[in-house]
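Shown next, in structure tokens, is the structure this report addresses.
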Amino acid sequence: MLKELKYLDVVVPLSVKGVFQYSIQKNVDIVVGQRVIVQFGLKKLYTAIVVNISDKKNQDFKIKEIQSIVDEQPIISQLGVDLWKWISDYYMCTLGEVMNTALPTSLKLASESKLIINNNFDKNISTLNDQEEEVIQAIQGLNVITIRDLNRRLSSNFSFSIINALIKKGVLLVYEQINEKYKKRVLCTVLIDEQVDTNSFKLTKKQDDLFRLLLKIDQKNGSLVLSDLMKQTSFSRSVFNTLQKKSAIQIIEKEYSRFKQVDKKLLPINKLSKAQELSFVQVNNIFAKKDICLLHGVTSSGKTEIYIKLIEQEIKKGKQVLYLLPEIALTIQIIKRLKNHFGNLVGVSHSNLNNSERVEVWKSVQAGAKNKFSIILGARSSVFLPFNNLGLIVIDEEHDSSYKQQQPAPRYHARDSAIYLASLHNAKVLLGSATPSIETYYNAKNKKYGFVELLTRFSDIKLPKINAIDVKKGYLKKDMDGFFSNRLIDEIKSHLDNNKQIILFQNRRGYSKVLSCDACGDAISCKFCSVSLTYHKLNNNLRCHYCGYIESIPDSCNTCNNTSLSRKGFGTEQITEALREIFPGKVVKRMDFDTTRKKNAYQEIIFEFQQSKIDILVGTQMIAKGFDFDNVSLVGILDSDSMLNFPDFRSHERAFQLMSQVSGRAGRKGSQGVVFLQTFNPDHEIIKHVKSHSFSNFYKLQIQERKMFNYPPFSRLLLIRFKHTDHLILDNVAGKFAKMMRESFNNRVLGPEYPVISKVRNYYVKNILLKVEVTRSFLKAKKIVLYILDHMKENKMLDRCIAQIDIDPN
């Protein structure tokens, strides 16, 4: 009797086009969003996600059956699948790439190839060569071994062809095994029966002391986790075991969260100021008519308090809330504020979580508002969490470029993806920023989005006074101390004398930008990228900030063998060292990628600065975004010009945003703060707008330029990036592609051109940019680009070039 089948379209977490159809018996219950194990290729097993179920098969040939169903319930809803499909279509990537980014690693089960010796093979060793014998000897005595472990056991690296030869000869057998990666956190816990009659059994003095101590801890609602109790009471495990044997206590295994629980009394929501209350009412009025609203509030205007009030509304309705932030570091301060009001309803999601923590967040969000984590505070990947009752998305610092993923695909923008996610859930979106992106502000001004302004700081504190220091004149008048102007040094000293804290901003880590030859001027460059190596004094080496290549300090120039080498430029490491020499009694620390590699490094630095244990904090752009420090009265921007002089149509926008944001860290409580910008061009129009805190005038200038040269928001951008290890092949392929593009798009095509960094990780890079007017069909343009790309692939015209598509590139 033929089995009645139904057919499943599934996605595998690989960079392969389309979905793949498998069969399952018709009487088996299965729904969209469940994980299944499928054989993909000849032997490999993968976890796949069901995205569609049908009674008809797509192909005429035989379709494989699924191996097994992993979950009783789906791990992602139909709405989540719809979001994946939209991201795949809009950002021109595969569904597998979206799945790979969306799911925590522990939910993506892939089989591992394991080897065993075939006991039935002909043991005539003469048929094996020396390398094959070495493999057999390494495996003998073992029941099973992975290829990775085999490689470790062998005296030298071996080719996979040796294993393939042994498999073909029947000497080795290979099979695939899938291991579940996620494990619940289970801890031994002590249970105490307060009614137990201790007279019914005899306890020694030591045992009695422990039992009475446990009763006190239990009555105070203290932790009864066995490991905690052993540290707290200093009693050994054997004493606990004896109490259990005498039935005085029970020791059981209990599941615990990996996240610290809040057990203190929750604080009431703060009362809003008149200006905040007015903005809060305006946002609610807009949400009655529109789904998206921009809250343009100056730095320290109290936007976060408005967010909290809106979150409270949604929680009372039983809804979920997603609160997006661009940087992991920002979550540290905000999480504390949210937990003060909402306690254990608040969860965190970002890349610093380990795999098991990510799965726990995923499962808690999926359980819905009835469970913990009704409020998720997270970075861009949080948009993929399995919300089922989403009511509000807050996107703080919506202008920030960190919301755009660069590598790998999908190269999605979290802000735009969150807006689509909200539309699926009929939820509202609040975009917040002191310096909105030009596109967002344009949409708000043209009534596509609602628009609310909050242009006064909380408690009517004045915006910081911004001063531009002319570094060019400073060097001519010998008024500079290294890379510090004497005026800045004097101001720092004055503020430190008043027990205030200082933030100094330099958007370059390391000690010196370049190590160059005094004779020929050549800079020591990366072997794999077209950039100079940065000198790091702490490790006494040169590093590439693009590929991670490290080189020791050379004795002489590689070009002319001259032994006189000089360090040029300055980074956060050198600034920190100089400040410690100028202010020897003060605590100076830096916050950049190098000092925040460890899991809790962000938290430690921010906590110390909040507690005034750090006098001067030197940092890169991670200190510019949204931090709220009460005692900072002075901010110094040491090199304003490096942000302005970058060949990109968004460079002035980013410079204005970054300088305005870092300036906003000054004078947030008490008196007005002060900011000093060091620049060679104090009359630059962007610096003038920063000094006057005039976002509207800056916007008018930028929107005129964008319209004149047909850049967003008046056009949509599509970037095709070609990469190859041979620049001649790259030139040829990119040239052909651009020629075909121009046949359809004429002068809308720019390039191909080498970017500023033309070689990264040994690959040369060339870009082709397509500008499509908003009045034209962007979908049609994308289809043409895909057609040309597929045509070149089919006719083998790409010549092993890597082609990457980036929609709305940053």
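The values are calculated or read from the model by the stated rules, or taken from the named source; none is laboratory data. Keep in mind the model is a prediction, meaning the values are calculated, not measured. Positions of Cβ are generated from backbone atoms using ideal geometry, with glycine treated the same way; all protein chains shown enter the neighbour counts. Heavy atoms of the whole protein, side chains included, go into the accessibility calculation; ligands, DNA and RNA do not. Shrake-Rupley method; radii C 1.70, N 1.55, O 1.52, S 1.80 Å.
The solvent-accessible area of Thr559, taken with every protein chain present and a 1.4 Å probe, is close to 90 Å².
Using θ = phi - 60° in the Karplus curve 6.51 cos²θ - 1.76 cosθ + 1.60, the 3J(HN,Hα) couplings for the range 69-76 round to 9, 7, 10, 6, 10, x, 8, 9 Hz; x is entered for Gly and Pro. For the range 1-65, the fraction of C-alpha pairs more than 15 angstrom apart is 49%.
Give the shape of the range 451-540 as rounded, prolate or oblate, defined through the alpha-carbon gyration tensor: a ≥ b ≥ c are the square roots of its eigenvalues, a/c under 1.5 means rounded, and otherwise the shape is prolate if a/b is larger than b/c and oblate if not. It is prolate, given that a/c is not under 1.5 and a/b is the larger ratio. Couplings for the range 538-546, taken from phi via the Karplus curve 6.51 cos²θ - 1.76 cosθ + 1.60 with θ = phi - 60°, read 4, 9, 6, 8, 10, 10, 8, 7, 9 Hz in order; Gly and Pro are left as x. The simple Förster model, with R0 at 22 Å and r as the Cβ-Cβ distance, assigns Lys64 and Glu4 a FRET efficiency of 0.85.
Ligands, DNA and RNA are left out, and with a 1.4 angstrom probe the accessible area of the chain is 49 Å² per residue.
Under 5 Å between amide hydrogens, built in the peptide plane, is the criterion, and for Val348 it picks out Leu377 among residues at least 5 positions away or on other chains.
The eigenvalues of the Cα gyration tensor, multiplied by 5 and square-rooted, give the range 656-810 an equivalent ellipsoid with semi-axes of 40, 20, 13 Å from largest to smallest. By the rule of a C-alpha distance below 20 Å, with chain neighbours fewer than 8 residues away ignored, the lysines paired with Lys700 are Lys445, Lys447, Lys448, Lys688, Lys691. The alpha carbons of the range 227-347 stretch over 67, 28, 26 Å along the principal axes, in descending order. For the range 226-286, the spread of Cα coordinates along the three principal axes comes to 66, 21, 18 Å, biggest extent given first.
Note on Asp648 and Arg580: the extension gain reaches 20.9 nm, defined as 0.36 nm multiplied by sequence separation minus the Cα-Cα distance. Of the whole protein surface, Cys557 contributes about 10 Å² of accessible area at a 1.4 Å probe radius.
Summarise the accessible area of the chain (1.4 Å probe, protein heavy atoms) by the percent that is carbon and sulfur.
Carbon and sulfur together cover 48 percent of it.
At a 10 angstrom cut-off on C-beta neighbours, averaged per residue, how do the peptides 399-412, 49-62, 22-35, 720-733 rank from highest to lowest?
399-412, 720-733, 22-35, 49-62
Only one residue of Ser106, Val690, Tyr420 has its Cα farthest out toward the positive end of the dipole of the chain, where Lys and Arg carry +1 and Asp and Glu -1 on Cβ, and that residue is Tyr420. Within the shell defined by Cβ-Cβ distances under 12 Å, the residues around Asp89 carry a net charge of +2, with Lys and Arg each +1 and Asp and Glu each -1.
Considering all alpha-carbon pairs of the range 284-405, what whole percent are spaced by more than 19 angstrom?
The calculated P(r) of the range 284-405 puts 46 percent of pairs beyond 19 Å.
Partner aspartates and glutamates whose Cα lies under 19 Å from the Cα of Lys465, excluding those fewer than 8 positions away in the same chain, are identified as Asp490, Glu491, Asp628, Asp630, Asp639, Asp683, Glu685.
Lys pairs in the range 526-607, Cα-Cα under 25 Å, at least 8 apart or on separate chains: how many? So the count of such lysine pairs works out to 11. For the chain, the convex hull drawn through the C-alpha positions has a volume of 264 cubic angstrom per residue. Backbone amide hydrogens, once placed in the peptide plane, bring Arg668 within less than 5 Å of Val632, excluding anything fewer than 5 places away on its chain. Simple rule: put +1 on each Lys or Arg Cβ and -1 on each Asp or Glu Cβ in the chain, find the dipole, and look at Phe387, Asn143, Ile37; the Cα lying farthest toward the positive end is Phe387. Backbone amide hydrogens, once placed in the peptide plane, bring Leu390 within less than 5 Å of Gln320, excluding anything fewer than 5 places away on its chain.
For the range 385-527, the pair-distance distribution built from all alpha carbon pairs, in bins 5 Å wide starting at 0, is 2, 6, 9, 11, 12, 11, 11, 12, 11, 8, 5, 2, 1, 0 percent. Candidates Val19, Asn539, Gln282 compared by Cα position along the dipole of the chain: farthest toward the positive end lies Gln282, with charges placed on Cβ.
Rounded to the nearest 20 debye, the dipole size of the chain about its Cα centre is 1120 debye, using +1 on the Cβ of Lys and Arg and -1 on the Cβ of Asp and Glu.
Converting phi to 3J(HN,Hα) with the Karplus coefficients 6.51, -1.76 and 1.60 and the offset θ = phi - 60°, the range 528-536 yields 10, 9, 8, 9, 6, 7, 8, 7, 10 Hz in sequence order, with x at every glycine or proline.
Restricting the calculation to Cα atoms, the range 507-649 yields a radius of gyration followed by a Dmax of 17.1, 53 Å. In straight-distance terms, cross-link reach from Lys736 covers every one of the lysines whose alpha-carbon lies under 26 Å from its own, apart from those fewer than eight places away in the same chain; here that gives Lys17, Lys723, Lys759, Lys766, Lys771, Lys780, Lys782, Lys783, Lys793, Lys796. Taking each DSSP H run with n ≥ 4 as -39500 (n - 2.57) and averaging over every residue of the chain yields -10000 deg cm²/dmol at 222 nm. The three principal axes of the C-alpha atoms in the range 713-763 carry coordinate ranges of 35, 24, 12 Å, sorted with the longest axis first. Rg ratio for the range 69-119: its Cα radius of gyration over 2.2 N^0.38 Å, N being its residue count, equals 1.61.
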